[in-house]
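Below: one structure, written as structure tokens.
Please treat every number below as a calculation from the coordinates, not as lab data. What you see is a predicted model; the values in this text were computed from it and never measured. So basically every Cβ, Gly included, is an ideal-geometry build from the backbone, and we count neighbours across all protein chains shown.
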Amino acid sequence: MKRGLNSTEMLKRNRILVFKTLIEKGSATRAELASELGLQKATITNIINEFVQMEILTGDGDIPSGKRGEKLSLRIEGRFLISMGITRVGYDIAVYTLDGRLQEWNRYRFGDREAFSDAVKKMTGDVSEIQEKYGSDTILGACLAVPGLYIRDDETGKETYMISEFPQWNDVDIRRELEDALNRKIVIMHDAKLSAYAEWQKAEEVKENSNVSIVAVRSRGFGIGCGMVINGKIVQGQLGIAGEVGHMGINFNTRDPEDGSFEANAGTDSAVKYMCERLIEFPDSPLTENSSYDDILVQYDNRDPLAVWVIEKLARMLAYGLSSMVYLINPDCIIIGSDYPKDHDFIEMVRKNMSKYVPDIVLKNLVLRNTKLREDSFIIGGYYHLMDKLYENDQLLEEVSREYF
């Protein structure tokens, strides 16, 4: 039986709700807060009075006057979060204000012969410079997005990185390096899960119904990353590998089991493999054996027959795996990452191929679309996930209410 909340837990929950709503909306009156959160006006008044005593609240003037119609907002300026991501090709470091305004975004790409350990040292140096620039007391937390498989045993705290084509990852304790640089604990999460969470936070579908379930699929070079969000929660599973559909088998007519995985057949890098398989059949194509995935996309836009065939096959393989996802969790919405072709024709190709495996009534109730996010979604998701972590146990409220202003 699920235990109900006691009065202390209820007060903490309501305080977080008011704090979170003020951050998201920017400002609100007491009446608007009560209506938005479904709380008694007396409860709102008590929480507002508590915030005033903490000196973390401001009204239409410099100091809240207590007027009913007065717009209230939090004093959260000068506090920041760091959202980072590291991949096989480089890393990104972004700084956000608590209300989600991007302050800066730094990107670094690894050299061809650069050792991963040296790249991590550079990353920790960049993080230290950011902390020095903003002030160590103003950085309230940091989140790191990593490729999968990322496995964490919460009982033992052991972390395992099983990243395809990147064995040197486990030679460096990246958590310890970054925590030493920041002098605080960091949050680590699989990048595809953070991408899915960013999609959920920004999706128009969620604004109409917060219970919408979302699957987000992306392919950053090698492999496929997938994240699932149900009822506003990232689906993680026992050890954090839920949603790792890239390792799901979809083709067993191969000698090597790994060649039959979803990511080996529907990842964007597989497009180059498909191109090379039929290159000799298209002598007039501008594509060559040295062409990249980006080259294929350019020629696809130019309607080159070989490029069109490659993208059509990519859509077929993607649809095959996504159809399995539909049967696993029956999501409201599947969002395709910006790594895939962004035109409506590609989405329709995927949908048409899914219709071979999924009943029409299911497809009609499924939103299938491209991402609308312009920035790297895992960095945005890192900001939102970190905010959630800081909301837990009043940690964010405690950090902001420290004697700083």
* Asked: Rounded to the nearest 500, what is the chain's calculated 222 nm mean residue ellipticity when only DSSP H runs of at least 4 contribute -39500 (n - 2.57) each, over all residues?
  -> -13000 deg cm²/dmol
* **Estimated translational D of the stretch 7-74 in µm²/s (Stokes, Kirkwood radius over Cα pairs; 10 °C; 1.306 mPa s)** => 135
* Asked: Pairs Lys207/Lys372; Lys193/Lys233; Lys20/Lys202; Lys25/Lys71; Lys342/Lys372: which exceed 19 Å Cα-Cα?
  -> none
* Asked: Hey, if you put +1 on the Cβ of every Lys and Arg and -1 on every Asp and Glu Cβ in the chain, which of Met84, Thr124, Ile280 ends up farthest toward the positive end of that dipole?
  -> Met84
* State the three equivalent ellipsoid semi-axes of the stretch 194-374, derived from the C-alpha gyration tensor as the square roots of 5 times its eigenvalues, in descending order and whole Å. => 29, 18, 15
* Determine which lysines satisfy two conditions relative to Lys122: a Cα distance under 17 Å, and not lying fewer than 8 residues away in the same chain. => Lys133
* Asked: Given +1 on the Cβ of Lys and Arg, -1 on the Cβ of Asp and Glu, and no further charges, what dipole in debye does the stretch 119-213 carry about its Cα centre, rounded to the nearest 20?
  -> 120
* Asked: So which trypsin sites (Lys or Arg not before Pro) in the stretch 158-214 end up in coil per DSSP with only 16 or fewer other C-beta atoms within 10 Å?
  -> Lys158, Arg184, Lys185
* **Where trypsin sites (Lys or Arg not before Pro) fall in DSSP loop in the stretch 249-321, at most 12 other Cβ within 10 Å** => Arg255, Arg303
* **Structure-derived percent of Cα pairs over 40 Å apart - corresponding label in (1) 20; (2) 29; (3) 25** => (3)
* Structure fact -> On the formula 1/(1 + (r/R0)^6), with r taken between the Cβ atoms of Ala115 and Glu312 and R0 of 30 Å, the FRET efficiency rounded to 0.05 is 0.15
* **Once the Cα gyration tensor of the stretch 73-188 is diagonalised, semi-axes √(5λ) in Å** => 26, 17, 12
* Point-charge dipole on Cβ atoms (K/R +1, D/E -1) for the chain, about Cα centre, debye to 20 -> 1360
* Which whole-Hz couplings ³J(HN,Hα) result when phi for each residue of the stretch 204-217 is put into the Karplus expression 6.51 cos²θ - 1.76 cosθ + 1.60, θ = phi - 60°, listed in order with x for Gly and Pro? -> 4, 4, 6, 4, 7, 7, 5, 8, 4, 9, 10, 10, 10, 10
* How much length, in nm to one decimal, is gained on full extension between Ile361 and Glu55, taken as 0.36 nm per residue of separation minus their Cα-Cα distance? -> 104.7 nm
* Structure fact -> The ³J(HN,Hα) series, computed from each phi in the stretch 284-292 with the Karplus coefficients 6.51, -1.76 and 1.60 at θ = phi - 60°, rounded to the nearest Hz and given as x for glycine or proline, is 8, 6, x, 6, 10, 5, 9, 5, 9
* Structure fact -> Scalar couplings 3J(HN,Hα) for the stretch 108-116 by Karplus 6.51 cos²θ - 1.76 cosθ + 1.60 (θ = phi - 60°), nearest whole Hz, x for Gly and Pro, are 9, 10, 5, x, 4, 10, 6, 5, 4
